[in-house]
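The values are calculated or read from the model by the stated rules, or taken from the named source; none is laboratory data. Here the structure is a predicted model, which means the values were calculated and not measured. Here the Cβ is made from the backbone with ideal geometry for all residues, glycine too, and neighbour counts use every protein chain on show. For the accessible areas, the whole protein counts, side chains as well, though only heavy atoms, and no ligand, DNA or RNA atoms are used. Shrake-Rupley method; radii C 1.70, N 1.55, O 1.52, S 1.80 Å.
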Amino acid sequence: SKAEMGHTCRGTINLATANISVEDSCNFIISNGGAQTYHLKASSEVERQRWVTALELAKAKAVKMLEESDDSGDESVSQTDKTELQNTLRILSSKVEDLSTCNDLIAKHGTALQRSLSELEALRLPPDSTDKIKQVNERATLFRITSNAMINVSPRPEDPTVGKAPTSMLSTVSPQACRDFMLLAQTHGKKWQKSLQQERDQRIRLEETLEQLAKQHNHLERAFRGATVLPASAPGTGGSGKDLCCPAKGDLSDEDDDNNEFFDAPEIFPMPDAMGHKRTGSNISGTSSDISLDEQYKHQVEDTKKEKRTRIPFKPNYSLNLWSIMKNCIGKELSKIPMPVSTDPDGGWARDAPEALFFLTRSLFQVNFNEPLSMLQRLTEDLEYHELLDRAARCESSLEQLCYVAAFTVSSYSTTVFRTSKPFNPLLGETFELDRLEENGYRSLCEQVSHHPPAAAHHADSKNGWTLHQEIKITSKFRGKYLSIMPLGTIHCVFHSSGHHYTWKKVTITVHNIIVGKLWIDQSGEVEIVNHKTGDKCILKFVPYSYFSRDVARKVTGEVMDPSGKVHFALLGTWDEKMDCYKVQLGTGDNGAEVRPRAHEAEDSRVLLWKRNPLPKHAENMYYFSELALTLNAPENGTAPTDSRLRPDQRLMENGRWDEANAEKQRLEEKQRLSRKRREAEAARATEDGKSRPPDGDVPPGCPPRALTPLCPPGTPYDPYKPLWFERKKDPVTQELAHVYKGGYWESKEKQDWSLCPDIF
């Protein structure tokens, strides 16, 4: 509160007692002589000196204020305050007596002076007039000295009359009587005025607090009455037909600790029946229990074919019972801790101990840490600004084409600025297609080709003259306060007409405030985009955020250069807003050397390459999804049975039915583990027998039949899993082993022949 501002607070340094020292040309230190020390760094020596000067002035002001008033906030009526008050009263009484003495002396000397002047006037200037005049002067001098003593104006030493005054008269009055009295009165008057103002402020704050408590009390009463009127819902029941996008009203997610029920982490998290409804009831799902999930899916498919959806059910805000998670983790390795969908929508077990610790600690502070999209769908979001590649395909200059490819590279990060939620980790063999051939001229296919380590392959073709393919593996490192996510793998973009082949890699993603605070994401690192046909190159630098930097946040800079290293274009912008391009025309300096113009000097050649699309309305309630992201999980007819849209736990979570999603997640994880164990057993048996692969009849679920796996020489160990639509090959350009699309998917979709697809859901 404001009343505590004067007290010492943890993490602060009182300027009045601070020590300010200079360390070097740019660094300086502020400390309180104890445990609190700030090491600060300026951008230059001039900037450092400005800060030091400003702090020294502020320190002087703080010291002066401390001397003028020792007020420290709320002043309780203690024994020390009473003693101080009594001493002040005694001093004031003494000063009043001094003023009274001064008054008597002034009256006495004034009367004498008046008498002397009267006598002087009666005289007719006889020879003895000199003595009378001298006496008058002495009386006037005494009157002046006494008056000066009262008003504290020092007599001027150059006045010859001062030296003639008797010293005994100067010592009869305190020279600072009136000034001391006024100073004390002003100082304590300010203190009492501050105390009165603090009391008034505290009264106002109490009145505001009481008003807020009254409003909360009325709100809780209304919510309680609404909850008790509703009949108790059975599991899976939804009695309301409210809009899926409207947040639930009257849903009491916060409960008293005494009413909590504790369950094991892998189980469903029900709310007490006494509350009148559960999460799967009317306030969450918004769908009737009389309609099965399959029937809902069919209705959604029909609606989606008419027009693309522009909204999804609003993100619920539920609190989980953390003890039910924690008590199951006692004595277990962190890498073996399963998490519910609200904390770890991983589709499986945590990949390593740091990541398990990451999800466990975040669950203590922010349980709603997921979004109803698969990692394959997030990978497809890279194509949101596909029109940049369409423009690049129409460029005749390879350097201009490289500028648009660089802008496309930056645009893929624009969806992550507010997206702090974690997508579902795909199941092995899971796929996702995005067919926008009619609307936008491209279609895309992703497949999860490996589970340990997780790896996804992506292939996109456009009739506008380009092909994009990539294989991305995700590694992460938990570093205490933040999590570093490193996408591994190379992205390839090939333009059909020119044959230009570009490659680049993704930068490091950093998630800050892992333990406490609001999550925020930053991108940092360097991206090198290479045209392997011409040798052109673009270097993009993602500047990490810094508290001490004057640069704009999320800044990206880049240079487009030819094979000789000569820079032709400069790129500037931010990865969450836009990218601009400037044509670099070298000028001649004073010494005859070539000089590059600055950005503001090259404003005439500025070209806007890319600008982020605005988010949809109510995006903050829909996981900050973009317009493309809102359509990715919309049901579609004719997709493969392994498509992410058909994943049941993800669909249930999108509809707000988290209890059912948790149970479905456990079922899918167990099914995936059993399939993996069968493949490993078959692989071990094939290795022992020296076979290239087991018979077709013994192929475990999730493994493709013989026709899709080339026979190996006798004695070669059997590869337990091979992707259905991608195959691993050495890339002729980068010489890396990567999964590339081998064809067949769109032909199978046209025939609606999905007999080769494994049963993973």
Taking 424-437, 740-753 and ranking on average Cβ neighbours within 10 Å, highest first, one gets 424-437, 740-753
Ordering 661-671, 191-201 by per-residue average of other C-beta atoms within 10 angstrom, highest first, gives 661-671, 191-201
Of the listed pairs K481/K677; K41/K566; K481/K541; K505/K749; K59/K191, those with alpha carbons more than 28 Å apart are K481/K677; K41/K566; K505/K749
Between D731 and residues 5 or more places away or on another chain, the pairs with built amide H atoms under 5 Å apart involve E736, L737, A738
Computed over all unlike Cα pairs, the Kirkwood hydrodynamic radius of the stretch 506-560 in Å stands at 13.0 Å
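At 1.4 Å probe radius, can you tell me the per residue accessible area of the stretch 608-688 in Å²?
Working: 3110 Å² over 81 residues.
Solvent-accessible surface per residue comes out at 38 Å².
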Packing-ranked peptide list from 723-734, 55-66, highest mean Cβ count within 10 angstrom first, is 723-734, 55-66
Diffing the stretch 663-676: the Karplus 3J(HN,Hα) column from phi (6.51, -1.76, 1.60, θ = phi - 60°), in whole Hz with x for Gly and Pro, holds 5, 5, 4, 5, 5, 5, 5, 5, 5, 5, 5, 5, 5, 5
Karplus-derived 3J(HN,Hα) from phi for the stretch 744-761 (6.51 cos²θ - 1.76 cosθ + 1.60, θ = phi - 60°), whole Hz, x at Gly and Pro, runs x, 5, 5, 5, 5, 5, 5, 8, 6, 10, 10, 5, 7, 6, x, 8, 10, 9
Once amide hydrogens are built 1.01 Å from N within the peptide plane, the residues lying 5 or more places from W466 or on another chain with amide H under 5 Å from its amide H are H496
